[in-house]
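Everything below concerns the one structure shown next.
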Amino acid sequence: MGLFWFWWVGLSAIYFNLNYLVPVIALIMGLVYGVLFRICFLFKFDFLRLCAIFALSFIHPLGFDWLEWGIYTTYGFFDSSLRGIICLFLIAYFIYEGYISRYYKIAIVLILFFTGFHYEEKTATTLPFSYKLINTNISQDQKFLQEKLILNSNTLLSEISRAILEKKELVILPETAFAFNLQGTKYEEFLKELSHKIIIITGAFYTKDEKTYNSTYVFRQGKSYIFNKHFLVPFGEEIPFFKELVKKYFLPNMEEFTRGPVQSQYKLNDVLITNAICYEATKEQNYKNSKIIIALSNNAWFKHSSEYKLQKLLMQFYANKYGVSVYHATNGKENAVILPKKRLDLRWLEEIKSWNKSLFES
């Protein structure tokens, strides 16, 4: 399961000239989760095995918490909560078990279904002004080339100008849209000037005291505000252990990022916004005290993989669970506006009524 769910993790090694590590990393992911599932199988009783498998979602190697069973409640009838997940697991258990009679099994499954049912629709706070999400499609091997920086940056300025002509109040660009330290550059001055006409949120690097951050810049009324990423990707943005060994043999040119505050929030027109950069948008901690999240991602690291779909499922699950709206601007994949899910049974009833109405009218 680890192999099929997380095979894409090693794709980023391609852009560090470590192509040979792609299958090795995929194999390591498969072995790690294979061992964990094997440990679960060591329990004698099926119910204990089920409990052990359920507990795997609480094990986060190097902080990597993308094995989340809650994504199975992202869509459908079950509530995106611990209650919904537990009921889903128990239904699978009782359907599998053969020692219970058919009628008892049906009764138990129905009880669990209605116990885990999604009854409460959460209403999320949404952005109170017009906005535009800018989507870019710059390949990772081209993104940081010096000869491409000016061209790409000028294209972004054109997109912002287009949003102004469209009378938008806010424009949101992806992670590291400006792929350099933006502070003190002519582009920062351009963005400050444009911010008198539109609020601009964009990703870029930020350097201070010889430390580099992966950051979100917010430009408003001629001023800039910087919010730095806290949750860094292991071996992509930071080296969590064996630093000297890894830098010597694998990543000699890698510049590590420095962590920012655990959670960065800011206000736009008295609306509190939580900042999230890529990996951070899948962290449950960022959803617990948030109403609106503006997330910036660069998914070109994992192009032609299932990474983006899994990222979106996780964001949808946490949006459902906590009643949060997410505005997601990306490079390499499509943008998304994610809101808590609606009750599926009510949606079906509305569609049936609409179908009946059109049938009788015809």
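The values are calculated or read from the model by the stated rules, or taken from the named source; none is laboratory data. Predicted model, so just to flag it, every value in this text is computed and none were measured. All Cβ positions, glycine included, derive from the backbone under ideal geometry; neighbour counts span all protein chains shown.
Quick one: in the range 150-167, which of the residues that are closer than 15 Å to Lys197 by Cβ and touching a helix residue (DSSP H, G or I) at 6+ places or on another chain (Cβ under 9 Å) is surrounded by the most Cβ atoms within 10 Å (Cβ to Cβ)?
Start the filter on the range 150-167 by keeping residues that are closer than 15 Å to Lys197 by Cβ, which leaves 157-167.
With touching a helix residue (DSSP H, G or I) at 6+ places or on another chain (Cβ under 9 Å) added as a condition, the list becomes 157, 160-161, 164.
On the way: Leu157: 14, Ile160: 23, Ser161: 14, Ile164: 15.
My answer is Ile160.
Among Ala13, Ala26, Ala55, which is exposed (fewer than 15 other Cβ atoms within 10 Å of the Cβ) and not assigned by TED's automatic domain parsing to the domain that holds His304? Before the answer, list the steps.
Numbers: Ala13 fails: exposed (fewer than 15 other Cβ atoms within 10 Å of the Cβ); Ala26 fails: exposed (fewer than 15 other Cβ atoms within 10 Å of the Cβ).
Testing whether each residue is exposed (fewer than 15 other Cβ atoms within 10 Å of the Cβ) and not assigned by TED's automatic domain parsing to the domain that holds His304 leaves just Ala55.
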Legend entry - Test set (1) more than 20 Å from Glu237 (Cβ to Cβ); (2) not in a helix (DSSP H, G or I) - Trp66 fails condition number: (1)
Inset, instruction - Just one of (1) without any contact (Cβ under 8 Å) to a residue 12 or more places away in the chain; (2) surrounded by 16 or more Cβ atoms within 10 Å (Cβ to Cβ) trips up Tyr20, so point out which. - result: (2)
Legend entry - Qualifying residue in the range 323-336 (condition: modelled with pLDDT of 95 or more and on the phi > 0 side of the Ramachandran plot): yes
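Kindly provide the set of residues from the range 299-342 that are among the charged types (D, E, K, R) and either surrounded by 15 or more Cβ atoms within 10 Å (Cβ to Cβ) or free of Cβ contacts under 8 Å to residues at least 24 places away in the same chain (or both), ordered by number.
Residues of the range 299-342 among the charged types (D, E, K, R): 303, 307, 309, 312, 321, 333-334, 341-342.
Across the range 299-342, the qualifying residues are Lys303, Glu307, Lys309, Lys312, Lys321, Lys333, Lys341.
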Inset, instruction - Taking only the range 322-354 into account, find how many residues are part of a helix (DSSP H, G or I) and β-branched (Val, Ile, Thr). - result: 1
Legend entry - Exclusive hit being over 25 Å from Val171 (Cα atoms), among the hydrophobic types (A, V, I, L, M, F, W, C), outside the structural domain of Thr74 (by TED's automatic domain parsing) and in contact (Cβ under 8 Å) with a residue 60 or more places away in the chain, set Leu245, Leu268, Leu251: Leu251
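Looking at Phe219, Phe231, which one is more than 18 Å from Ile134 (Cβ to Cβ), assigned by TED's automatic domain parsing to the domain that holds Val171 and surrounded by 21 or more Cβ atoms within 10 Å (Cβ to Cβ)? If you could, list the steps in order and put the result at the bottom.
Numbers: Phe219 fails: more than 18 Å from Ile134 (Cβ to Cβ).
It is Phe231.
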Inset, instruction - Could you please tell me which pairs satisfy a Cβ distance under 9 Å, a separation of 6+ or placement on different chains, a first residue in the range 140-166 that is among the acidic types (Asp, Glu), and a second residue that is in a helix (DSSP H, G or I)? - result: Asp141/Ile14; Asp141/Tyr15; Asp141/Ala300
Inset, instruction - Return the only residue of Glu284, Glu280 being of a type in the set (D, E, K, R), touching a residue at least 24 places away in the same chain (Cβ under 8 Å) and surrounded by 16 or more Cβ atoms within 10 Å (Cβ to Cβ). - result: Glu280
